Amino acid sequence: MRARRLAIALTAVAALTLGACSGGADEADDTADAGATETSDGGAEGTLRVGIKFDQPGLGYQDGSDYTGFDVAVAKYVAEKLGYGADQIEWVQAPSAQRETMLQNAQVDMIFATYSITDKRKEVVGFAGPYFVAGQDLLVAADDDSISGPEDLEGKNLCSVTGSTSAQRIKDEYATGTNLLEQPGYAECVTALVAGTVDAVTTDDIILAGLAAIPANEGKVKVVGNPFSEENYGVGLPKDSEVCEDVNAAITEMIEDGSWQEALDENVGASGYVPNDELNPPTVVACA
């Protein structure tokens, strides 16, 4: 039944997309792929297009034709419960700034990409979940016990990526004397941390844990484990999606059967990171 509802929803999206476009045969063929139908054994035919990050180790990461990470594991589990096999998933890169547009334009069917549920985003897209609750935290050198929270960054050097508001928030709200260093990506920030150029890196705790779990970084850095925000990661869906409750049911089942914890341990466990147990595993919110 879940697969059938998803098939109907995806077919509707495909039809709307075709009706709004005047593209040629190639465009029609691409869109028709999303018009899945239910097979006699209850499985879904066609392709499920799933948006993920390609550059976040431990969460969504592309290595050639392989895709790994906690977000990927959750997406695969949900897809299976909706009737899709691993070979029916088309992984699509979903940069943060493009996620709403990709859902609105039917470029993807759903997004698992450290996608925080916010009221502003819910005005234009739908969400299932949350499937994880993250929080802004700090990554420091493994032997550094002088930093236990954002207040300890007074006079210290803090790295975050260009365009992120995380580091500026610490300077504005916790330690005005923090010296900010921007880098193009978090990998560069971790390199600066290991080299001693900065004292800490900041973003969501599970993203930091994914970076710390990279073999080259193991034993060199650690997540402080004192989050000071709350970010509910949800599954991005088209507005008013008919499969939202089915996705929620799959997330709940993943948590209850232990697969959620297994995926977390496998992808970020090497960092020693322990998520906030007051908020995780989360309870899904009923779809609006």
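The values are calculated or read from the model by the stated rules, or taken from the named source; none is laboratory data. All values reported here derive from a predicted model rather than from experimental measurement. Cβ sites come from the backbone with ideal geometry, for glycine too, and all protein chains shown count toward neighbours. Side chains are part of the model used for accessible areas, which takes the heavy atoms of the whole protein and leaves out ligands, DNA and RNA. Shrake-Rupley method; radii C 1.70, N 1.55, O 1.52, S 1.80 Å.
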Using amide H atoms built 1.01 Å from N in the peptide plane, name the residues 5+ places from residue 181, or on other chains, whose amide H lies under 5 Å from its own.
158, 159, 160
With the chain treated as a Gaussian network of Cα nodes joined by springs under 10 Å, which of 112, 132, 54 yields the largest mean-square fluctuation?
54
Please list 172, 87, 152, 109 from largest to smallest accessible area, probe radius 1.4 Å, with all protein chains kept in place.
87, 172, 152, 109
Mind ordering 91-98, 228-235 by average Cβ neighbours within 10 Å, highest first?
228-235, 91-98
How long is the gain from residue 63 to residue 80 if the chain were fully straight, where each residue apart is worth 0.36 nm and the alpha carbon distance is subtracted?
3.9 nm
What does DSSP give for the range 125-232 in terms of the percent of beta bridges that are antiparallel, rounded to the nearest 5?
55
In deg cm²/dmol, rounded to the nearest 500, the helical mean residue ellipticity at 222 nm of the chain, built from -39500 (n - 2.57) for every DSSP H run of length 4 or more, is -10000 deg cm²/dmol
The chain, relative contact order [Cα under 8 Å, separation at least 6], %
23
Solvent-accessible area per residue, Å², over the chain with all protein chains present [probe radius 1.4 Å]:
46
What ranking, highest mean first, results for peptides 196-204, 100-108 when packing means the other Cβ atoms within 10 Å averaged over each residue?
196-204, 100-108
How much FRET efficiency would the formula 1/(1 + (r/R0)^6) give for residue 97 and residue 286, where r is the Cβ-Cβ distance and R0 is 30 Å, rounded to 0.05?
0.55
Need one number: nm distance between label points at residue 105 and residue 157, each 7 Å from Cα along Cα→Cβ, rounded to one decimal.
4.0
